[in-house]
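A short write-up of the structure that comes next.
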Amino acid sequence: MPLTGCGGSDDGAGGSGTLHLVAAEYGDTPATSSKAFWDKVTRDFTAAHPGIKVEVKLLPWADIDREVSRMVKAGKAPDIALMGSYSDFAAQGKLYSAEELLSISAEANFLAPLAEAGSVGNTLYGLPWVASSRLLFYNKALFDKAGIKDAPKTWPDLKADAQALKAKGVNYPYALPLGPEEAHAEAMIWELSNGGGYADSSGNYSLASDQNVLTWKWVKEQLVAPGLVGPTPPSQLNRADAFAAFLKGEVGMVNGYPSLLHEARAKGIDVRAVSMPVSDTLGAGENPPAVGVADWMMAFKQNGKRAEIGKFLDFVYQDKNLTDFAGRYHLLPSTVSASRTPSGGGIDKNDEQFLTALRGAQLYPVNDPSWVTVSDTIKRNIGRAVEPGGDPRTVLEDIASKANEASKKH
């Protein structure tokens, strides 16, 4: 749905009894649109709170960050937004904190890694809504055909399996999507599996650490150079293309999330999901975290509707509403109670291992206001680290210096 009514009373504050929510559209067809969910939830909420109406505008993911920023700048902030980033608005002092909106028990109900990623300092501003974690998927039929008995546990295992798959004519033994759509996810999965990552223990960017450089040297020399990642150069392979190839049975291994697992199984593909294999240089007991991803609900101060927003958020975060939304898109609910309880469907058996991974996951450093710029830099550049003429250290140092510039601006 396009953004309508920019100007006049429909935009921004509206009547005192109306809340405006701008939300990302999670569906990719009219049948899967989020509209049905929001229509029902807002109707139920108004029935329970007759004085408060909620108007919802759905925007495509590609547009929502820009549109909400524009509305805020124009002095017409929505009361609530649901999108992929919040920290820029928190840094500008535009958001209510969770403490100002929710009961103590509701605030304490968020899964710990999500609450941490939603906090700036010790204050929660980004309320996690739905989340997912990443696991390594492999096509069991292709593994059987290549004579591979067990899932890979280390990088050398992964390489050996990719070689066996390639020998049997598998198009993408390991699909490595480092194209601009979502390269920052694939990159972080690899870096964490060697004890690196995007930030150090004190939360500062460590994009060009020695561990990260070693990671990309290994991927370049051991996977990309021997032709184990398929016909498309990784810097040109987007996640959507890698997933589509997986669903056609052309991919041996790929990092994926719950909805891909459901789609593949619906197509009759026997998919297994395991933790990402780790570098053989890690200590025996070291167990790197999976990558977790979450979307954020945030409440703007601009129109002063704190009490009404708090009532609506308490309502929308009820287990039955959250599990209903998460279940529609095969995502994971963000709260302890919704992920535990079978009310509203509970957690699908297939999703339980993703939830286990999410409980100990590492999320992107979304609480740094420069992350939007930094993630964009990673997406556009990390693929160069594995190109034939690319030097991993130079590429990572280039990304790190751009990240430092972005941090200074904030």
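Look at (1) open to solvent by less than 70 Å² (accessible area, probe 1.4 Å); (2) modelled with pLDDT of 95 or more; (3) over 26 Å from L124 (Cβ atoms) and you find that G17 fails only one, number (2). The sole residue among A131, A225 that is open to solvent by 50 Å² or more (accessible area, probe 1.4 Å) and either in contact with a helix residue (DSSP H, G or I) (Cβ under 9 Å, 6 or more places away or on another chain) or in contact (Cβ under 8 Å) with a residue 60 or more places away in the chain (or both) is A225. Mind checking which residues of region 373-402 are closer than 17 Å to V229 by Cα, open to solvent by 60 Å² or more (accessible area, probe 1.4 Å) and in a helix (DSSP H, G or I)? Correct list: R384 only. N303 satisfies every condition listed in (1) in a helix (DSSP H, G or I); (2) among the polar types (S, T, N, Q); (3) out of contact with any strand residue (DSSP E or B) (no Cβ under 7 Å at 6 or more places or on another chain); (4) touching a residue at least 40 places away in the same chain (Cβ under 8 Å) except (1). Only residues that are touching a Pro at 6+ places or on another chain (Cβ under 9 Å) and surrounded by fewer than 16 Cβ atoms within 10 Å (Cβ to Cβ) were counted in region 237-257, giving 1.
Residues checked against (1) crowded, with 24+ Cβ neighbours inside 10 Å; (2) of a type in the set (F, W, Y); (3) at pLDDT 95 or above; (4) assigned to a helix (DSSP H, G or I):
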residue	(1), (2), (3), (4)
A164	no, no, yes, yes
L178	yes, no, yes, no
A187	yes, no, yes, yes
A208	no, no, yes, no
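A Cβ distance below 9 Å, combined with a sequence gap of six or more or placement on separate chains, defines the contacts here; from region 88-110, residues that are within 19 Å of K311 (Cβ to Cβ) reach residues that are of a type in the set (K, R) and part of a helix (DSSP H, G or I) in the pairs Y96/R306; E100/R306; L101/R306.
Inside region 62-87, residues that are open to solvent by 10 Å² or more (accessible area, probe 1.4 Å) and within 20 Å of L322 (Cβ to Cβ) make up a count of 1. Applying a threshold of 9 Å to beta carbon distances and a minimum spacing of six or more residues, or different chains, the list of pairs starting in region 232-252 at a residue that is within 17 Å of I382 (Cα to Cα) and ending at one that is open to solvent by 20 Å² or more (accessible area, probe 1.4 Å) and among the aliphatic types (A, V, I, L, M) reads P233/V224; P234/V224.
Checked against (1) surrounded by 20 or more Cβ atoms within 10 Å (Cβ to Cβ); (2) part of a loop (DSSP other than H, G, I, E, B); (3) touching a Lys or Arg at 6+ places or on another chain (Cβ under 7 Å), Y138 passes all but a single condition, namely (2).
The values are calculated or read from the model by the stated rules, or taken from the named source; none is laboratory data. Just so you know, these numbers come straight off a predicted model, no measurement behind them. Using ideal geometry, Cβ is built from the backbone for each residue, glycine included, and neighbour counts are taken over all protein chains shown. Surface areas here come from the heavy atoms of the whole protein model, side chains and all, with no ligands, DNA or RNA. Shrake-Rupley method; radii C 1.70, N 1.55, O 1.52, S 1.80 Å.
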